[in-house]
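I have placed the structure first, in the form of structure tokens, so that the comments after it can refer back to it.
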Protein chains: 2
Amino acid sequence: MAGGITIALDAMGGDLGCAAVVGGASIARVRHPDVHYEFHGDRALLEPLLDADALLKAVSTIHHTDVAVSMSDKPSQALRMGRRVSSMWLAIDAVKQGRAQAAVSCGNTGALTVMSRMILKTMHGIDRPALAAIWPTMRGESVVLDVGANVVAEQKNLVNFAIMGEAMARTALGQPHPTVGLLNIGAEEMKGNEDLKGAAQILRETDLNFDFHGFVEGNDISKGTVDVVVTDGFTGNVAIKTAEGMARLIGDYLSNAMRRSLASRIGYLLARGAFKVLRQRMDPGRSNGGVFLGLNGIVVKSHGSANESSVAAALGLAIDMAQNDIINKIAADLAVLHGPEAQADTKTPEPA
Amino acid sequence: MAGGITIALDAMGGDLGCAAVVGGASIARVRHPDVHYEFHGDRALLEPLLDADALLKAVSTIHHTDVAVSMSDKPSQALRMGRRVSSMWLAIDAVKQGRAQAAVSCGNTGALTVMSRMILKTMHGIDRPALAAIWPTMRGESVVLDVGANVVAEQKNLVNFAIMGEAMARTALGQPHPTVGLLNIGAEEMKGNEDLKGAAQILRETDLNFDFHGFVEGNDISKGTVDVVVTDGFTGNVAIKTAEGMARLIGDYLSNAMRRSLASRIGYLLARGAFKVLRQRMDPGRSNGGVFLGLNGIVVKSHGSANESSVAAALGLAIDMAQNDIINKIAADLAVLHGPEAQADTKTPEPA
């Protein structure tokens, strides 16, 4: 483990339970043989799963708890019931203790948001963390944030989101010089609100390490016009869920259309492989999950109904960001904006 | 014309010009033989097009102007240059004069928003008109508003949007008892802002003629969870453009996926008809355009790149709403909310 990366997994969150989490780690291990996995969950369930995969078992530890945050718990309930003992709390706490470099959970987003913030605290200069998603585009992938950690975002929050998103595009997407856009609407003379205009001005005038493209519109997200799309958590959450809904609707149309005639049915059978690829790429946010940015530690949220391959993708993202030290990259950019003291808080926090 | 419906067409707006507008009217005429069409545009261009379609010519008049609002004009420019003489202004003014029951334009949205509001004025009790779109869903079609007439919406605006959208679902979609939802984000304890909460309370407590479903999320739009989705113009505009972008991305994936192997290429050829149907249904807002609601008159906006069939769809929508007297239906519901004086302003305005 020395010098290596440890990922803490909340093995009890998510609709599919421990099996999907262990299965995901099993896939991730092949790509990242040097990473250590710390599973937080019910030992009685986890042990047989790990026994069946000796290679994974060799790089794993189990931290027993049988307290799980359920998908329907409100954040306040989750805190009351599971505080300091739930698998979700313990996984995040492993990052705070410095034992793990990132936490991954498929659990309840609301509870994960509140707990992550409570345990890891925001970085100096950040008062609102953001949930960032990786969005498939015509040019590859882009980072979109905030997709739901906050309801509103003021000018300074949007600027911070731009900095955090840009660091994520560099570390997770491997873009050396990401472009950043602010999500707005088109009509020239009513373009956006004061916070958007103010944030655009700061981003234009500050000497940050990235290319600020200006305003983009909803259709620019999937087009891949910029590598990082910055918006408030309300708009971002509506956008990502609307896109998911649209993808599902088109999938539905496609199935129906393909059943219409004998020719199209045969066509469907022949093109089956193509449809499979399509379906996998189609759902933004589903494959990779989201990442909480702006905290003193990395927390990756996988989809609640994440299967093995989604968990593996979330793990891959967590590992990439930990290996590339995203927290210090964000801190360095915040220092440009807020002054050098912004960097002070980003050392590994001491155990409580 | 007596007792019938007249639709005023801005024949100069839009990327495809007069030919698409006349072509659209030609298609609409077959379905609505009793409607009269008033074309505002360049007589030299319109006359030969109408000469080629004697049946359409018999129910049409041309009002000459060679001033067009261009797609790139800012609303203020459009007003300065084209005020009272542009084809867009004249088409809307025909509604104000009582000569036409609805105006249809494929032109510049910003200019159309500003001119419509300036010429027709808002209904009593409405201080912000809304742009409503018809959105394809798993259950058929829903109305989504505001998709971009305003940047912000207060509590009372959202309530009015609900009333207007519900009237549109009854008249344009033929839903006898539409359900209405307010677009929000999911996380329970941070659900929405004060305006959303306030609007929800009024809609729950007022004895309006429709079923208020409560909050819905982005993915509910395409799912068809409710018949009317109410949101502010910023969020709605981002949502519809994001969905359009997603549809285009999936179309792109589909074409690429279909070219991957010989089997999938043959499959594509066999299923071609199915793909055509899919493409037609895929783009929300593109086929029908949007409708400005809350004004003393009906203005339908077709997509800027609208072809004949899109113009025909926009005309069909305008005719449906004029025949079903949507303005008075909205006024009746506003009267429930604001008191009976709301109905006073809705008589056909007198010529200026």
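Some notes on this structure:
- Tallying residues that are over 20 Å from B:LEU16 (Cβ atoms) and either touching a residue at least 40 places away in the same chain (Cβ under 8 Å) or outside the structural domain of B:ASP10 (by TED's automatic domain parsing) (or both) within the stretch B:76-92 yields 1.
- Just one of the listed residues (A:ARG128, A:ARG99) is assigned to a loop (DSSP other than H, G, I, E, B), within 12 Å of chain B (Cβ to nearest Cβ), among the basic types (Lys, Arg) and more than 15 Å from the chain's Cα centre (by Cα), and it is A:ARG128.
- Residues located in the stretch B:204-228, provided they are of a type outside the set (D, E, K, R) and either crowded, with 23+ Cβ neighbours inside 10 Å or within 14 Å of chain A (Cβ to nearest Cβ) (or both): B:PHE215, B:VAL216, B:GLY218, B:ASN219, B:ILE221, B:SER222, B:GLY224, B:THR225, B:VAL226, B:VAL228
- Top-ranked residue in the stretch B:39-59 [being surrounded by 17 or more Cβ atoms within 10 Å (Cβ to Cβ) and out of contact with any helix residue (DSSP H, G or I) (no Cβ under 6 Å at 6 or more places or on another chain); ranked as farthest from B:ALA100 (Cα to Cα)]: B:ASP42
- The requirement of being among the β-branched types (Val, Ile, Thr) and in contact with a Phe, Trp or Tyr (Cβ under 6 Å, 6 or more places away or on another chain) is satisfied by A:ILE62.
- Hey, B:THR122 modelled with pLDDT of 90 or more and either among the hydroxyl-bearing types (Ser, Thr, Tyr) or surrounded by fewer than 20 Cβ atoms within 10 Å (Cβ to Cβ) (or both) or not: yes
- Among the residues of the stretch B:32-52, some residue qualifies, meaning at least one is touching an Asp or Glu at 6+ places or on another chain (Cβ under 7 Å), in the same structural domain as B:GLY107 (by TED's automatic domain parsing), more than 25 Å from B:GLN323 (Cα to Cα) and part of a loop (DSSP other than H, G, I, E, B).
- When the criteria are applied in full, B:GLY233 fails the requirement of being buried (at least 24 other Cβ atoms within 10 Å of the Cβ), closer than 29 Å to B:ILE327 by Cα and modelled with pLDDT under 75.
- Check on A:ALA133, buried (at least 21 other Cβ atoms within 10 Å of the Cβ), over 30 Å from A:ASN184 (Cα atoms) and of a type in the set (Gly, Ala, Ser): no
- So B:ARG117, is it at pLDDT 90 or above and within 13 Å of another protein chain (Cβ to nearest Cβ): yes
- Counted residues, the stretch B:253-268 - those being of a type outside the set (D, E, K, R) and more than 7 Å from every other protein chain (Cβ to nearest Cβ): 3
- Number of positions in the stretch B:53-68 that are under 14 Å from B:VAL21 (Cβ atoms) and hydrophobic (A, V, I, L, M, F, W, C): 3
- Among the conditions (1) without any contact (Cβ under 8 Å) to a residue 40 or more places away in the chain; (2) touching a Pro at 6+ places or on another chain (Cβ under 6 Å); (3) surrounded by fewer than 18 Cβ atoms within 10 Å (Cβ to Cβ), the only one that B:GLN97 does not satisfy is (1).
- Subset of the stretch B:265-301 that is polar (S, T, N, Q), buried (at least 19 other Cβ atoms within 10 Å of the Cβ) and at pLDDT below 75 - its residue that is farthest from the chain's Cα centre (by Cα): B:SER287
- Residue pairs whose Cβ atoms lie under 7 Å apart, sitting 6 or more positions apart in sequence or on different chains, and linking a residue in the stretch A:208-227 that is touching a residue at least 24 places away in the same chain (Cβ under 8 Å) and within 14 Å of B:ASP252 (Cα to Cα) to a partner that is aliphatic (A, V, I, L, M) and in a loop (DSSP other than H, G, I, E, B), are A:SER222/A:MET138; A:LYS223/A:MET138; A:GLY224/A:MET138.
- Only listed residue being touching a strand residue (DSSP E or B) at 6+ places or on another chain (Cβ under 9 Å) and within 28 Å of B:VAL226 (Cα to Cα), chosen from B:TRP89, B:TRP135: B:TRP135
- One residue stands out in the stretch A:148-168 among those that are surrounded by fewer than 24 Cβ atoms within 10 Å (Cβ to Cβ), of a type in the set (S, T, N, Q) and touching a residue at least 60 places away in the same chain (Cβ under 8 Å): the one that is farthest from the other protein chains (Cβ to nearest Cβ), namely A:ASN157.
- Odd one out for B:ALA243, checked against (1) facing chain A (nearest Cβ under 10 Å); (2) assigned to a helix (DSSP H, G or I); (3) surrounded by fewer than 20 Cβ atoms within 10 Å (Cβ to Cβ): (3)
- Residue check, A:ASN184 closer than 26 Å to B:GLY233 by Cα, within 12 Å of chain B (Cβ to nearest Cβ) and either under 19 Å from the mean Cα position of the chain (by Cα) or without any contact (Cβ under 8 Å) to a residue 60 or more places away in the chain (or both): yes
- Complete set of residues in the stretch A:39-97 that are among the β-branched types (Val, Ile, Thr) and closer than 18 Å to A:ALA25 by Cα: A:VAL59, A:THR61, A:ILE62, A:ILE92, A:VAL95
The values are calculated or read from the model by the stated rules, or taken from the named source; none is laboratory data. Since the model is a prediction, treat every value here as computed from it, not as a measurement. Cβ atoms come from the backbone with ideal geometry, glycine included; neighbour counts cover every protein chain shown.
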